[in-house]
Number of protein chains: 4
Amino acid sequence: MEPGASEAQTNSVINYIHDLGMKTVVNRGVIQTVIAAIGESSKYSTEQFETLDGVRKVERIQVPFKLASRDSHHNDTIVSINNDIKFGGNNPPVVIAGPCSVENEENLLAIARIAKESGAKMLRGGAFKPRTGPRMFEGLGKLGLEYLDAARKETGLAVVSEIMDPRDIDLVCEFTDMLQVGARNMQNFTLLNEVGKTNKPVLLKRGLSATVEEWLLAAERIMDKGNNNVILCERGIRTFDNKYTRNTADIAVIPLIRRLSHLPVIFDPSHATGKWNLVSPISKAAIVAGAQGLIIEVHPNPEKALSDGPQTLNFKNFKQLMKEIQILVSVLGTVNVSN
Amino acid sequence: MEPGASEAQTNSVINYIHDLGMKTVVNRGVIQTVIAAIGESSKYSTEQFETLDGVRKVERIQVPFKLASRDSHHNDTIVSINNDIKFGGNNPPVVIAGPCSVENEENLLAIARIAKESGAKMLRGGAFKPRTGPRMFEGLGKLGLEYLDAARKETGLAVVSEIMDPRDIDLVCEFTDMLQVGARNMQNFTLLNEVGKTNKPVLLKRGLSATVEEWLLAAERIMDKGNNNVILCERGIRTFDNKYTRNTADIAVIPLIRRLSHLPVIFDPSHATGKWNLVSPISKAAIVAGAQGLIIEVHPNPEKALSDGPQTLNFKNFKQLMKEIQILVSVLGTVNVSN
Amino acid sequence: MEPGASEAQTNSVINYIHDLGMKTVVNRGVIQTVIAAIGESSKYSTEQFETLDGVRKVERIQVPFKLASRDSHHNDTIVSINNDIKFGGNNPPVVIAGPCSVENEENLLAIARIAKESGAKMLRGGAFKPRTGPRMFEGLGKLGLEYLDAARKETGLAVVSEIMDPRDIDLVCEFTDMLQVGARNMQNFTLLNEVGKTNKPVLLKRGLSATVEEWLLAAERIMDKGNNNVILCERGIRTFDNKYTRNTADIAVIPLIRRLSHLPVIFDPSHATGKWNLVSPISKAAIVAGAQGLIIEVHPNPEKALSDGPQTLNFKNFKQLMKEIQILVSVLGTVNVSN
Amino acid sequence: MEPGASEAQTNSVINYIHDLGMKTVVNRGVIQTVIAAIGESSKYSTEQFETLDGVRKVERIQVPFKLASRDSHHNDTIVSINNDIKFGGNNPPVVIAGPCSVENEENLLAIARIAKESGAKMLRGGAFKPRTGPRMFEGLGKLGLEYLDAARKETGLAVVSEIMDPRDIDLVCEFTDMLQVGARNMQNFTLLNEVGKTNKPVLLKRGLSATVEEWLLAAERIMDKGNNNVILCERGIRTFDNKYTRNTADIAVIPLIRRLSHLPVIFDPSHATGKWNLVSPISKAAIVAGAQGLIIEVHPNPEKALSDGPQTLNFKNFKQLMKEIQILVSVLGTVNVSN
């Protein structure tokens, strides 16, 4: 409460909290009174209380992401794909590789073979592409999904692709092993609700300017609808400086998320930096920081890619990176990643 | 090109540009070579060129939002609602008022009457509410739209409400005079495409961290699908400081948008500040800066509102603000707003 | 405390607070324990407590800027210059005008005369200029101060100029009526301490990325050293978008500061926008939002200015703006600025 | 130039550039004219040209930090301390450890011994502390430097400490082996000029919201005054989210700086995260990303430290981290750090 709040104002706030079905504990200090509200607070936003007369400030003590929080679920969640690939816990990091967008079958198969042969477990590729401008290439749609399916059949790699439209949910589920919710849709609540109603694993990218709490609340929404197979993916955030990098790679959220949540967390070095020559060092840094997977853009000729070329590794650099990751993973038993 | 780029690299870039159907003009300097690409460049992202060997930096000279740009359309666009309310040009600013979310019919009617009587021309009210957490109040849905319709019939105010799901487009169009695309959906390209296929006026809020260019490109997408009735709405951006305000009110974009674009631009003081006691001074500032409308949250008892209470004006403060706006509008003939 | 904190951890935190000379009030809840520390808390940072075993989060309830806060000083402080010019309270807004940097005497006198004739009360002009790069024009130094002094004598305008080096304090005090601490020096604590030991009025610009609280704590430092004549100046902040403006004009801090603090607050439209064609609308918006002054860059030929040309008004535009401000000020009696 | 710029405007811009002593190359396109200015452009800011009539946009092609740029100095600079400790190039990363602030001699010696024994090469410790609020502990001053000197003599560790006041330069030089310029002083140009006139190695921390370019220009300023012994130190930046971390650790600038500049770059995990339990994973990540050193806060009882406790490692955690860094360094020959 404000230092000068009246007794009537204080009582009115207490009654308001009781009316919402919560209990109160009240601290009447010399200078200020502090009221604690105890109960199912995640249904209410803090701002709802800030408008009451005499209130100075409202602070949430418990995290609002109950299902996603490690407070309520101590052990790491393992998200498994086809009972085969396992994200999370002490499983070795899973590498997902592939082009930004699926361009044609031949190209995709070439990438898938290299990915498989280098040790990646999953193939990525956009069939539906979010583009800032309306006249740019937006993906092959269903045909792109069919190409991914063909690559999956040939190589045995599992497949992940982005879903943008809730009306496409059956289609994308049919052809993929994991649904990707992109950064721009992290607060597309309609879409989150829909993927939450499926039982497909969901790769949930962090929004460009989403706080850690908003990101975990987006995961919470998917879990609240019934789907617990959520993998969090950091992909760089928007800050005041993008002259030399596309985004700011927020690597510290990897160990942070592993403390706050039981869900697996992976890293996207391609979008996080936007520069292929930073992808390799930052991928290795993410692994050492505790990332449980990587999603990397790879293309035989990045300079010919229809999107995201500057941040895409060619085959040679990708193979080299995969070898180096192997070496790091081999010493990570002695280098405790989670602390 | 890089200072040390080879002749072969330069020629390869030139050929790449020609292959995309554009022309080139080449400046071979003492230190560096600069290549200008001339043609339909809005189909391509600048990054596509950054990956080519020997390229240092790619700069877009022309704005990528051709349809929304004042370069291509010199006169102000007037968006009219029911041939009656007019946004843009030299028309007096239009005030849209109402609750954050529609809560019940009685409440909404009370607000609508006050809005009408104070000089507002449109009624706002959320029937579908985006909420960060999954267990919060998400609006009354269709029932909320019906209440808006009832208020419209009684008061004659036109109605705007948010659309979140592309599958709701017919429903929301049926009951409203203008569709609102919220800040979190500013880059929900699926939704933008759908509202672009209607002929309803669209209130396009700026995303929490959207650049001016991304915002205009979102408008461009709606226009590219055929709907030119776009009104831009600044509603505050996310910055490093949100201790005392919810967002940072970016008032300078009002005169900036009026220079860059021919579309009307309005201002939302409620979300921009998040504090009711800042709503009034910032509303007046926005009008003086050239805003062609305001959208203001009003509620008979803000402290009882199910959402956004802290940023909501009560009736007394709203009426006072409307009077003060009138006074400012009356001197704006002598105070040139657009410069 | 953490939900699982032990009794021993709780007691240890309580003892720690007592050892610092503060009292405690303890709330033992079903889920979590909350400890309130009561006493001279502005000597301690919240982080100091966050490291104690079992602590989840530390929140400061009282503002740390005691001297600058309106909580401790209800009436507006009036800062007066030479017992003549008055900033703050209900005094009409004071306009400070002049070039970014003092370039030569003739030029400065021409500007000073226009400023005087248009109704400005003070002349600004940099003699010591902070420049990002080391090989740029850094001002005329003492000669610049002498030119300012000459212009003061001729026109009767009071003079403000930036101080960058604590060793220059006597020099700058000798030739000016107010010391300016620039945005880049807002947390140059050495410099703040020195200006705090003088009795000159201080124009304290907000840092490029300073929070409102850090800004008020910088004022607090000057006041803590004995100088209460502090005028706060918002000059735009750094955000994620600077493509079309140099900074983001944070106009909402004007009414916010007027609530949080008793000190006068003025606005710098030139740095806040960086574009001369936004200076006029944003100046007027700031006045309507409650700014108690403006500091505006003016130059006879902005395109020839040695610094800040793009954000500088020419004489014609400045005179027009001054007229429009007069009109707005004349209606502000009816338009309540502080609410 | 603007699309509609006149021939006279274009010629006027060309003449303006010639008057500054630079040459021009002009591209007269169908839509727009592009003028290239060639010469000593680092003396001018781009904005100086933006105000000229008819100019749409000014882009700097060459980097403005000539001395610090790898373009002008291809080989890595090695900064050596006392001809013994070597930062940069292929030298193994140098660890600097110590308390945030020097508190007393006994404490400092205990830390210095642990640092030495664990493999650190340098001791850090603040004698002059920048503090946001005016009534907090600001360091022991000269006494703190004397304690550092004593610890240096006993352990043989080299010493670094922060300089805040240009008048302290002789004092701080006398007792230390390297001068630290703190984040808040990265654009204190007075201080940069002074440290540039010494021949002491300088640890230049990145400002809280400094762009990479501003940071390199601060290094450029020191070098321009004659001191080439500059070590860059990333320490986290300010972004929109600081709920769970103090700053955002910008690890990608490590490989970026190694490409843009020849100067050594090190990392401060303590300030970058603000949480001791993130210090270890992020330190290892920084090493793998190519950091040429680390500066880590260590204290026997972080919960009793007078400043920065929450981000400080205790002895046990520090020793464990040093062992793990050793393991990583031993495989880095096979894991190419600079790519």
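The values are calculated or read from the model by the stated rules, or taken from the named source; none is laboratory data. These numbers come from a predicted model, not from an experiment. Here Cβ is always computed from backbone atoms with ideal geometry, including for glycine, and neighbour counts include all displayed protein chains.
Values computed for the structure shown
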read-out	value
Given (1) more than 7 Å from chain D (Cβ to nearest Cβ); (2) crowded, with 24+ Cβ neighbours inside 10 Å; (3) over 20 Å from B:VAL58 (Cα atoms), number of the condition A:HIS262 does not satisfy	(2)
Failed item, numbered, when D:PHE267 is tested on (1) away from chain C (no Cβ under 12 Å); (2) over 13 Å from the mean Cα position of the chain (by Cα); (3) surrounded by 24 or more Cβ atoms within 10 Å (Cβ to Cβ)	(2)
Matching entry among C:GLU324, C:GLU297 (being in a strand (DSSP E or B) and over 21 Å from C:GLY88 (Cβ atoms))	C:GLU297
Unique match (being in contact with a helix residue (DSSP H, G or I) (Cβ under 8 Å, 6 or more places away or on another chain), surrounded by fewer than 19 Cβ atoms within 10 Å (Cβ to Cβ) and modelled with pLDDT under 80) among A:GLU47, A:GLU40	A:GLU47
Hits in the range C:246-290 - residues which are small (Gly, Ala, Ser) and assigned to a helix (DSSP H, G or I)	C:SER270, C:ALA272, C:SER280, C:SER283, C:ALA285, C:ALA286, C:ALA289
Only listed residue being over 22 Å from B:ILE254 (Cβ atoms) and at pLDDT 90 or above, chosen from C:LYS316, C:LYS304	C:LYS316
Residue in the range B:291-298 that is within 14 Å of chain A (Cβ to nearest Cβ) and surrounded by 24 or more Cβ atoms within 10 Å (Cβ to Cβ) present	yes
Residues of the range C:317-335 that turn out to be more than 23 Å from the chain's Cα centre (by Cα) and more than 14 Å from chain D (Cβ to nearest Cβ), as a count	13
Residue in the range D:42-65 that is farthest from the other protein chains (Cβ to nearest Cβ), counting only those that are polar (S, T, N, Q) and more than 17 Å from D:ILE14 (Cα to Cα)	D:GLN62
D:PRO281 vs. criteria within 9 Å of another protein chain (Cβ to nearest Cβ) and of a type outside the set (Ser, Thr, Tyr)	yes
Test: residue in the range C:7-26 that is touching a strand residue (DSSP E or B) at 6+ places or on another chain (Cβ under 9 Å), part of a loop (DSSP other than H, G, I, E, B) and farther than 30 Å from D:HIS299 by Cα	no
Failed condition for C:GLY274, given (1) more than 8 Å from every other protein chain (Cβ to nearest Cβ); (2) surrounded by fewer than 24 Cβ atoms within 10 Å (Cβ to Cβ)	(1)
Among the candidates C:ILE287, C:ILE325, C:ILE296, C:ILE282, residue that is in contact with a strand residue (DSSP E or B) (Cβ under 6 Å, 6 or more places away or on another chain) and not charged (D, E, K, R)	C:ILE296
